[in-house]
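Written out below as structure tokens is the structure these notes cover.
The values are calculated or read from the model by the stated rules, or taken from the named source; none is laboratory data. Everything quoted here is computed from the prediction, not taken from an experiment. Every residue, glycine among them, receives a Cβ derived from its backbone with ideal geometry; neighbour counts consider all protein chains shown. In case anyone asks, the SASA skips ligands and DNA or RNA and just uses the protein heavy atoms, side chains included. Shrake-Rupley method; radii C 1.70, N 1.55, O 1.52, S 1.80 Å.
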Amino acid sequence: ALCVRICDEVVGASELSMVNRGIRTKVATDFDRPLNCEFCGECENICPVGALTDRLFKFRARAWEVNNIATVCSFCSTGCALKLSIKNGQIVRALGADEGAANQGSLCIKGRFGYGYVNSPERITQPLVRKNGALVETGWEEALRTVAEGLNGIKAAHGPDAIAGLCSARLTNEEAYIFQKFMRLVIGTNQLDNSGGYSHRGFSQGLRDSFRERITIPSIADLKNCDVMLIIRSNVSETHPVVGYQVTAAAKQHDAQLIVADPRRIKLARLASSYLAHRPGTEIYLLNGLAHIILQEGLENKEFIAAHTDGIQELSHTLKTYTPAFVEQRTGVAAQDLIKAARIFATAGRAAIIISTGMGCYGDDAALVHSAANLALITGHVDRAGSGVLVLGEKSNSHGIIEMGALPDGLPGLRSAADAAAREVFEKAWGAPLPARPGLAAEQILEGAGQGAIKALYCVGENPLHAYPDSHRNRDALTRLQLLVVQDLFMSPTAQMAHVVLPAVSFAEKEGTYINCEGRIQRVRKALEPRGEAQSDAEIICAVARAMGKDLGDGKAERIQAEISSLIPRYRCLNEAQIPLQGIKLEPVSAEPAAEALPARARLIPVEGTAPPAPTAEFPFVLMTGSSLFHCGFLSTHSPAIRIIAPEAHLDISPQDARMLGINSGEFISVTSTRGSMTVKARITAQQPPGMVFVPYHFAQPAVHALTDGWQPYALVKIAKQQ
Ligand code: SF4
Ligand code: SF4
């Protein structure tokens with residue numbers, strides 16, 4: 001049966017099978033127990049006879065009563081194309097669009113059943129202004145006047161750099177463009193960043209620095225052409241499930257070999273030819289170790305290195321110390337396993353490397369991506385379908401937001417804010433000089449607020465209190481602000497601290513575009529009218545600008561697209577009407593284009609691993625955080641269907657540690673670091689190695705970032721059973 005096969009060969013859950021014999025044969029779980037699976041709905045989606053249906057849609061509408069609007073999933077950066085079925089102004093169903101280049105009709109639980117947050121009664125539908133200590137509902141006029149007077153006053157008293165902005169990586173390209181234009185032109189500062197900037201920026205810049213014109217990003221559909229995939233720091237089956245389907249299908253249907261490097265025994269480890277269970281935070285040692293073995297055994301692609309790369313001597317010199325014995329000592333991976341993995345990777349016809357970014361990911365991302373790029377370049381695994389490095393951003397527009405210059409040092413078009421020629425393009429068009437000095441990155445903005453240098457913060461869809469490491473520091477920083485403006489769909493912990501809250505619309509209520517992890521521009525279409533008085537982020541930003549005496553237009557997507565495409569040749573295709581359902585893949589761009597006469601040569605950039613902090617007698621456990629299968633950021637926690645499946649956070653702990661501490665699944669335990677403590681339910685899982693625990697960060701409570709400390713790769717904690 002198609003449902004049994006897709007569940008096994010694509011989703012990799014193997015939840016269904018054919019039971020009984022003859023005319024009693026039916027599709028069921030073993031022993032007819034209730035489903036305990038990924039709830040992706042792929043089995044129901046592929047069922048040709050409608051024998052399987054989803055409960056959310058059942059009895060809500062007939063197929064001919066709904067209007068299907070093609071758009072893009074708002075959760076992760078896979079960029080699955082979907083169709084929202086609309087009836088009576090409500091979304092009643094989400095279907096994977098067969099035309100979608102990334103998903104070809106597939107969806108995960110988030111895309112298929114997570115749309116409920118759009119219809120949530122918890123949405124903010126009215127502007128709020130703080131009066132006598134409490135946020136009270138008001139009209140747009142008063143809210144905008146409060147914001148404009150506050151920002152103008154702070155700018156006049158303390159200068160433009162006393163104002164900073166943080167935006168979400170779920171804004172559309174058009175909204176991100178207008179946000180950076182507002183900060184640079186209206187405020188006059190480069191103090192802006194986004195949650196992707198916390199993790200994704202290093203990858204984006206690092207890839208361009210390493211590959212230059214040779215940059216190759218495998219498309220998701222190409223993964224089935226891979227002979228080998230190295231999956232490192234990426235629990236892709238949970239964070240980007242539809243990419244996980246492609247990897248699983250490549251392994252199960254096309255015999256691709258997987259090298260899975262992860263401290264946790266993640267789902268894909270079951271299919272791996274080589275599973276490398278390294279210590280958290282030692283990825284660079286591991287990648288350098290693989291490169292060392294490849295060079296040592298003469299498995300490198302000498303022709304490719306000579307013809308297309310610079311820096312092999314410096315790289316070889318740096319890699320000398322990364323012997324299998326040294327890497328084993330640093331990473332905990334046995335030398336013979338490293339050698340086996342290096343040989344598999346080097347001798348593959350086509351090999352890709354997959355890495356994820358996002359909250360909970362850590363470390364020096366540029367260095368990590370340089371070491372991954374070195375491995376791809378010395379083996380010549382670039383330039384072909386199914387080869388290269390695929391970086392999976394956490395949110396739907398993690399990639400686009402960087403392309404649009406919502407960064408302290410980058411302008412739209414992936415150009416530096418310090419580059420006078422790049423600035424001149426915008427200065428001419430906008431009729432004013434732009435700041436040249438790079439601004440503060442997200443973590444420095446919060447530090448600046450804590451120290452009193454940043455007086456006002458404009459958060460557009462961003463929730464730094466909850467999402468960024470060290471929530472105690474973040475709360476203290478936000479408390480010191482003279483003006484905190486939050487524009488969002490829900491009353492996030494950051495919004496609850498704001499002086500002004502502005503209601504924004506969801507992806508289903510606006511027009512625009514996203515760029516997915518492959519660099520594909522796809523169209524977001526309006527399917528519903530906005531809730532209450534909510535407006536699109538671009539419309540709100542333009543209204544704030546107007547209230548401050550500056551005209552940025554009306555915030556309509558098509559007009560912003562016309563401006564972007566007229567100023568930056570790279571985005572000439574950014575015209576809604578011309579973007580087909582499968583999107584348009586952007587050409588890669590180098591950080592530093594080669595002179596025309598020279599061939600494009602990639603750069604081998606040597607990087608060194610740095611030892612992560614070691615557990616101590618007082619804090620013997622490593623606490624890691626990140627995304628989980630059923631949630632993406634915070635939006636999904638407002639989706640009723642997802643909340644049924646995954647209503648709360650849990651702490652994953654190994655059976656050995658649970659036994660040692662006398663903990664049973666479902667029991668409350670207290671977790672304490674030097675920064676704070678929290679109480680959370682335990683979940684015992686063999687996926688977790690001894691000495692390491694994992695808590696997803698999606699829920700406001702327990703707030704895992706109350707325990708984390710800045711950009712440490714993880715927190716060190718102690719755990720005790722609650723009495
Ligand atoms: S919902 Fe997904 S995981 Fe569950 S049985 Fe169907 S295909 Fe398998
Ligand atoms: S969450 Fe990601 S993988 Fe899942 S449907 Fe949405 S875009 Fe696709």
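So if I take the alpha carbon set of segment 9-51, get Rg, then get Rh from the Kirkwood formula, what is the Rg over Rh ratio? Walk me through the numbers on the way to the answer.
On the way: Rg = 11.0 Å, Rh = 11.5 Å.
Rounded to two decimals, Rg over Rh is 0.96.
Report Rg (one decimal) and Dmax (nearest whole number) for the chain, counting Cα atoms only, units Å.
25.0, 82
Using DSSP, restrict attention to beta bridges with both residues in the chain and report what percent are antiparallel, rounded to the nearest 5. Before the final figure, lay out the partial values.
On the way: 42 of 89 bridges.
The answer is about 45 percent antiparallel.
Assuming R0 = 56 Å, can you tell me the calculated FRET efficiency for the pair Thr674 and Ala51, based on Cβ-Cβ distance, to the nearest 0.05?
Values: r = 55 Å, r/R0 = 0.98.
Result of the calculation: an efficiency of 0.50.
With a cap of 15 neighbouring Cβ atoms within 10 Å, and only residues DSSP puts in a loop, list the GluC sites (Glu not before Pro) found in segment 232-302. If you can, show how the numbers build up before the last one.
On the way: sites: Glu238, Glu283, Glu297, Glu300; in loops: Glu297, Glu300.
Taking segment 232-302 and a limit of 15 other Cβ atoms within 10 Å, the loop GluC sites (Glu not before Pro) found are Glu297.
What figure, in Å² to the nearest 10, do you get for the accessible area of Lys26 with a 1.4 Å probe and non-protein molecules left out?
Accessible surface of Lys26 is approximately 80 Å².
Can you give the Rg/Rh ratio of segment 63-121, where Rg is from the C-alpha atoms and Rh is the Kirkwood radius? Before the final figure, lay out each step's value.
Working: Rg = 11.0 Å, Rh = 11.5 Å.
Rg/Rh for segment 63-121 comes to 0.96.
Quick one: what does P(r) look like for segment 621-721 with 5 Å bins over all Cα pairs, in whole %?
For segment 621-721, the binned pair fractions read 2, 14, 25, 25, 19, 11, 4, 0 percent.
For Cα pairs less than 8 Å apart in space and 6+ apart in sequence, what is the mean separation divided by the residue count of segment 206-390, i.e. the relative contact order in percent? Display every interim value, and only then the final one.
Values: 321 pairs, mean separation 65.2, N = 185.
With pairs under 8 Å counted, the relative contact order is 35 percent.
Under 20 Å between alpha carbons, and skipping anything fewer than 8 positions from Lys428 in its own chain: which lysines qualify?
Result set, ordered by chain and number: Lys181, Lys550.
By how many nm would the segment from Arg33 to Glu9 lengthen if fully extended, with 0.36 nm per residue of separation less the alpha-carbon distance?
Here the answer is 6.5 nm.
In nm, give the distance between the simple-model label positions of Gln336 and Gln444, each being 7 Å from the Cα along the Cα-to-Cβ direction.
So the label points at Gln336 and Gln444 sit 4.9 nm apart.
Between Lys428 and Ala307, what is the label-point separation in nm under the 7 Å Cα-to-beta-carbon projection?
3.9 nm
Report the one residue of Gly206, Ala348, Val10 whose Cα lies farthest in the direction of the positive end of the charge dipole of the chain (charges on C-beta: Lys and Arg +1, Asp and Glu -1; origin at the Cα centre).
So the residue furthest toward the plus end is Val10.
Under 17 Å from a point 7 Å along the Cα-to-Cβ line of Glu529: which residues of segment 51-78 have their amide N that close?
Counting backbone N atoms under 17 Å from the label point, the list is 67.
Under the definition of Cα pairs under 8 Å and six or more residues apart, what whole-number percent is the relative contact order of the chain? Could you put the intermediate results ahead of the total?
Numbers: 1710 pairs, mean separation 132.3, N = 723.
Relative contact order for the chain comes out at 18 percent.
Exceeding 28 Å between C-alpha atoms, which entries from my cross-link table qualify? They are Lys26/Lys681; Lys252/Lys526; Lys110/Lys267.
Working: Lys26/Lys681 37 Å; Lys252/Lys526 38 Å; Lys110/Lys267 18 Å.
From the list (Lys26/Lys681; Lys252/Lys526; Lys110/Lys267), the Cα-Cα distance tops 28 Å for Lys26/Lys681; Lys252/Lys526.
Mind checking the dipole of segment 284-333: about its Cα centre, +1 per Lys or Arg Cβ, -1 per Asp or Glu Cβ, Debye to the nearest 20?
Working: 3 positive and 6 negative charges, 34 e Å.
Computed about the Cα centre, the dipole is about 160 debye.
Run the quick spin-label model on Arg572 and Thr25: label points 7 Å from Cα toward the beta carbon, then report their separation in nm to one decimal.
Simple spin-label model gives 5.6 nm for this pair.
Work out the charge dipole of segment 30-81 with +1 on the Cβ of Lys and Arg and -1 on the Cβ of Asp and Glu about the Cα centre, then indicate which of Pro48, Thr71, Leu35 is farthest towards its positive end.
Thr71
Accessible area per residue for the chain in Å², computed with a 1.4 Å probe and the full protein assembly in place, what is it? Display every interim value, and only then the final one.
Working: 26800 Å² over 723 residues.
It amounts to 37 Å² per residue over the chain.
In terms of Cα to Cα distance under 24 Å, which lysines are near enough to Lys131, apart from those fewer than 8 places away along the same chain?
Lys155, Lys455
Quick check on the chain: helices-only [θ] at 222 nm, where DSSP H runs of length 4 and up contribute -39,500 (n - 2.57) each and the sum goes over total residues. Nearest 500, please.
Numbers: 24 runs with 214 residues, N = 723.
After summing the helix terms and dividing by residue count, I get -8500 deg cm²/dmol.
By how many nm would the segment from Lys721 to Ser665 lengthen if fully extended, with 0.36 nm per residue of separation less the alpha-carbon distance? Please list the in-between numbers first.
Numbers: separation 56, 0.36 × 56 = 20.16 nm, distance 1.12 nm.
That works out to 19.0 nm of additional length.
In debye to the nearest 20, how big a dipole does segment 187-339 give about its Cα centre with +1 on each Lys and Arg Cβ and -1 on each Asp and Glu Cβ?
Values: 15 positive and 16 negative charges, 94 e Å.
So the magnitude is around 460 debye.
Can you list residues whose amide H is under 5 Å from Asn68's amide H, if they're 5+ apart or on another chain and H is modeled 1.01 Å from N?
Ile86
Among Ala307, Ala256, Thr323, which residue has its Cα positioned farthest towards the positive end of the charge dipole of segment 206-390, with +1 placed on the Cβ of Lys and Arg, -1 on the Cβ of Asp and Glu, and the dipole taken about the Cα centre?
Result: Ala256, furthest along the dipole toward the positive end.
Could you work out the relative contact order of segment 621-721, using alpha carbon pairs under 8 angstrom and six or more residues apart, expressed as a whole percent? Please list the in-between numbers first.
Values: 207 pairs, mean separation 40.4, N = 101.
Once divided by the residue count of segment 621-721, the mean separation gives 40 percent.
Roughly to the nearest percent, how much of the accessible area of the chain is carbon and sulfur, given a 1.4 Å probe? Present the calculation step by step, with values, prior to reporting the outcome.
Details: 13600 of 26800 Å².
Answer for the chain is 51 percent, counting heavy atoms of protein chains only.
Using 1/(1 + (r/R0)^6) with R0 = 56 angstrom and r between the beta carbons of Glu297 and Ala617, what's the FRET efficiency to the nearest 0.05? Could you put the intermediate results ahead of the total?
On the way: r = 41 Å, r/R0 = 0.73.
Taking R0 as 56 Å, the efficiency between Glu297 and Ala617 is 0.85.
Give me the dipole magnitude in Debye, nearest 20, for the chain about the Cα centre, with unit charges on the beta carbon: positive for Lys and Arg, negative for Asp and Glu. Intermediate results must be reported in sequence, preceding the final value.
On the way: 72 positive and 73 negative charges, 253 e Å.
In debye, rounded to 20, the chain gives about 1220.
Summarise the long-distance tail of P(r) for segment 203-347 by giving the % of C-alpha pairs beyond 24 Å. Present the calculation step by step, with values, prior to reporting the outcome.
Values: 3688 of 10440 pairs.
Across segment 203-347, Cα pairs with separations above 24 Å total 35 percent.
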